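I have placed the structure first, in the form of structure tokens, so that the comments after it can refer back to it.
The values are calculated or read from the model by the stated rules, or taken from the named source; none is laboratory data. Just so we're clear, the structure is a prediction, and the values are computed from it rather than from any experiment. Don't worry about glycine lacking a Cβ; one is built from the backbone with ideal geometry, like all the others, and counts go over all protein chains shown.
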Amino acid sequence: MTVITTFSSIMFIFKQTKDLKKILEQLRSKHKKTGFVPTMGALHEGHISLIDKAKKENDLVVCSIFVNPKQFNDANDFKLYPKTPEKDILLLTKAGCDVLFMPEVEEIYPPGLKMDEQYDLGYLETVLEGKYRPGHFQGVCRVMNRLLQIVLPEQLYLGQKDYQQCLIIERLLYLTGIKVKIVICPTLRESEGLAMSSRNRRLSEEEKKNARAIFEALTFIRNQMKPGRVDRILSDAGKILIENGLIADYVEIACAEDLQTLKIWNGHTPIVALIAAFMGNVRLIDNMIIRP
Ligand code: AMP
């Protein structure tokens, strides 16, 4: 265990599951409510906004940093995933995070632990991210199930930025019976609208400027949306991406509740516009909820 202190706060850092569990047991007797913020590190203000919210709503805040190999369907994406552990520790300490869990792969997937379970994620796994990243959500469920069993939080903080992931984790809770309240937090953006993401670090300044077009395309969809066919709006939004050098995996409108993709909008159902697009070899995702 490592203890990091700043002028105002103290944070415990654990690499071993057994040590973390032991201290959480002790702390839990004093602190009633634990909020958990799972991350893959290379932290930015978006992540810290989740810590801030968790801090306001809980007695104890636990963050994890673990780049989960099982949710990367592209080996290169995994290899190139940014890692900034020292900076992350500083940001979390300043934000007042109480406990940081930074396990190695063997801690999360120890040899001998049965981890080949397939989660029945149904339709949700067949569309959007599920379609373009086969196996991704099985990997997300595996790590989330394991982390939740270790941390045993009352509240789980997730970003709307990963909209489909939020629904997948809701489904995971239903399938496993794990009792935790999900709190979905709004997407933090750069001043020009680009959603903050650890992957943005892999973009040049020029690419970052052009990647703003994802937010422009989402805003375009929201402003143009009216009852009726959506294909024209989506193809015009796609053009905004192409003009800015982005190659889209998808530009879709879906029912906000279950992510059924829509060709026609009835004007009543809350919907969400979702985009995944490559800028060079960096894959970016974003979304915008559209209320009638
Ligand atoms: P990641 O480290 O990318 O796995 O993200 C960890 C958590 O932070 C997830 O719940 C994300 O949805 C959330 N998150 C990522 N980017 C943002 C952002 N720009 N604003 C708010 N939350 C975010």
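Here are a few things to note about the model shown:
- Here is the figure for the range 210-235: residues that are under 19 Å from Pro292 (Cβ atoms), crowded, with 17+ Cβ neighbours inside 10 Å and without any contact (Cβ under 8 Å) to a residue 60 or more places away in the chain total 4.
- Yes/no for Glu207 being surrounded by fewer than 19 Cβ atoms within 10 Å (Cβ to Cβ), within 17 Å of the chain's Cα centre (by Cα) and either in a loop (DSSP other than H, G, I, E, B) or at pLDDT 95 or above (or both): no
- Only one entry of Ala195, Ala254 meets the criterion of being surrounded by 19 or more Cβ atoms within 10 Å (Cβ to Cβ), small (Gly, Ala, Ser) and more than 11 Å from the ligand (Cβ to nearest atom), and that entry is Ala254.
- Selected residue (criterion: farthest from Pro85 (Cα to Cα)) from residues of the range 47-63 that are crowded, with 20+ Cβ neighbours inside 10 Å and near the ligand (Cβ under 8 Å from one of its atoms): Leu50
- Number of the exception - Tyr174 against (1) within 14 Å of the ligand (Cβ to nearest atom); (2) assigned to a helix (DSSP H, G or I); (3) aromatic (Phe, Trp, Tyr): (1)
- Residue among Leu158, Leu175, Leu113, Leu121 that is modelled with pLDDT of 95 or more, over 22 Å from Val272 (Cβ atoms) and out of contact with any Leu (no Cβ under 6 Å at 6 or more places or on another chain): Leu175
- All of Asp231, Asp258, Asp236 fail the test of being of a type in the set (Asp, Glu) and within 30 Å of Thr39 (Cβ to Cβ), apart from Asp258.
- Residue count for the range 23-40, restricted to those that are within 11 Å of the ligand (Cβ to nearest atom) and either surrounded by 21 or more Cβ atoms within 10 Å (Cβ to Cβ) or over 21 Å from Ile169 (Cα atoms) (or both): 4
- Qualifying positions in the range 57-76 - within 21 Å of Arg202 (Cβ to Cβ) and in contact with a strand residue (DSSP E or B) (Cβ under 7 Å, 6 or more places away or on another chain): Ile65
- Strands (runs of 3 or more DSSP E) within the range 1-104 that include 1 or more residues touching a Cys at 6+ places or on another chain (Cβ under 6 Å): 10-14, 34-39, 60-65, 99-101
- From the options Ile168, Ile184, residue that is crowded, with 20+ Cβ neighbours inside 10 Å, free of Cβ contacts under 8 Å to residues at least 60 places away in the same chain and within 12 Å of the ligand (Cβ to nearest atom): Ile168
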